[in-house]
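The structure appears below as structure tokens.
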């Protein structure tokens, strides 16, 4: 079984989701990375944290001057309930500018592709991690968005695989901690939790938003900021998060860490 079982396409607001076996070319998603995407978890009845996905999606489309009026979250939920009731699935919702053309866009309308595949929860523990030496992240107007231009993460994960690591940590161009290969980064010291600021060119992950909101609500001390790599030498615990869940990092070149599960995170991703 492949990672992606089924593809569906939605051309405009008036059409429904249709089975798609081939992707039309040329298109601006392929030619220019002119779009955004959301990776989501379907639990058989709803999409986890869907309200946050829609908020981030709208933010990303606004940055790229793409139309949000064609996005219909309720229709997507209805489609999934009809086609995949009671089944756990991983969704990738790609939204890119309609048409082809050259660099100058001819429209703000969007085409939507939905990839439906198997869902695999994040491993509870990633045993070994390293620091990327090949990739540095730079600030842009879209660096906090999940755009279709994901080459930094492709190259970083190639580096991770080549080194036999389970996770890779990325720094920004100033050598501040930024994020992991496909996840946001957090660490704990003396009961206080830290995470890189968006000023460090990390993606504003949905799970990152949810975790921060939960910590604020529960009065858990958290600090967003710009941190150098050496802060991890003193950390008690490191974890990474994305929509598939939480993974604790056990060991890296900068130290060894506790992998004790944190109750407030367990509650969020149950």
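The values are calculated or read from the model by the stated rules, or taken from the named source; none is laboratory data. Keep in mind the model is a prediction, meaning the values are calculated, not measured. Here the Cβ positions follow ideal geometry from the backbone for every residue, glycine too, while neighbour counts run over all protein chains shown.
Looking at the structure I just gave you, is residue 154 at pLDDT 95 or above, assigned to a strand (DSSP E or B) and either within 14 Å of the chain's Cα centre (by Cα) or closer than 30 Å to residue 12 by Cβ (or both)?
Working: at pLDDT 95 or above: yes; assigned to a strand (DSSP E or B): no; either within 14 Å of the chain's Cα centre (by Cα) or closer than 30 Å to residue 12 by Cβ (or both): yes.
No; evaluated as a whole, the condition is false for this residue.
Just one residue in the set 254, 206 is assigned by TED's automatic domain parsing to the domain that holds residue 158 and over 18 Å from residue 132 (Cα atoms); that residue is 206. Across segment 137-183, the qualifying residues are those that are surrounded by fewer than 17 Cβ atoms within 10 Å (Cβ to Cβ) and touching a strand residue (DSSP E or B) at 6+ places or on another chain (Cβ under 6 Å), and the one among them that is nearest to residue 39 (Cα to Cα) is 155.
Put simply, of 81, 126, 88 the only residue that is under 30 Å from residue 250 (Cα atoms) and free of Cβ contacts under 8 Å to residues at least 60 places away in the same chain is 88. Inside segment 7-47, residues that are part of a strand (DSSP E or B) and surrounded by fewer than 15 Cβ atoms within 10 Å (Cβ to Cβ) make up a count of 2.
Within segment 56-78, restricting attention to residues that are outside any loop (DSSP other than H, G, I, E, B) and free of Cβ contacts under 8 Å to residues at least 24 places away in the same chain, the residue that is farthest from residue 117 (Cα to Cα) is 62.
When the residues of segment 245-270 are filtered to those that are part of a strand (DSSP E or B) and in contact (Cβ under 8 Å) with a residue 24 or more places away in the chain, which remaining residue is surrounded by the most Cβ atoms within 10 Å (Cβ to Cβ)? Outline the logic, then answer.
If we filter segment 245-270 for residues that are part of a strand (DSSP E or B), which is where we start, we get 245-252, 255-256, 258.
Checking which are in contact (Cβ under 8 Å) with a residue 24 or more places away in the chain leaves us with 245-252.
Numbers: 245: 21, 246: 22, 247: 23, 248: 21, 249: 26, 250: 17, 251: 16, 252: 22.
The selected residue is 249.
Out of 185, 170, which single residue is over 19 Å from residue 52 (Cα atoms) and either assigned by TED's automatic domain parsing to the domain that holds residue 133 or not in a strand (DSSP E or B) (or both)? None of the other options fit; the residue is 170. Return the residues of segment 188-206 that are surrounded by 24 or more Cβ atoms within 10 Å (Cβ to Cβ), under 15 Å from the mean Cα position of the chain (by Cα) and part of a helix (DSSP H, G or I); say none if nothing qualifies. Passing the criteria: only 206.
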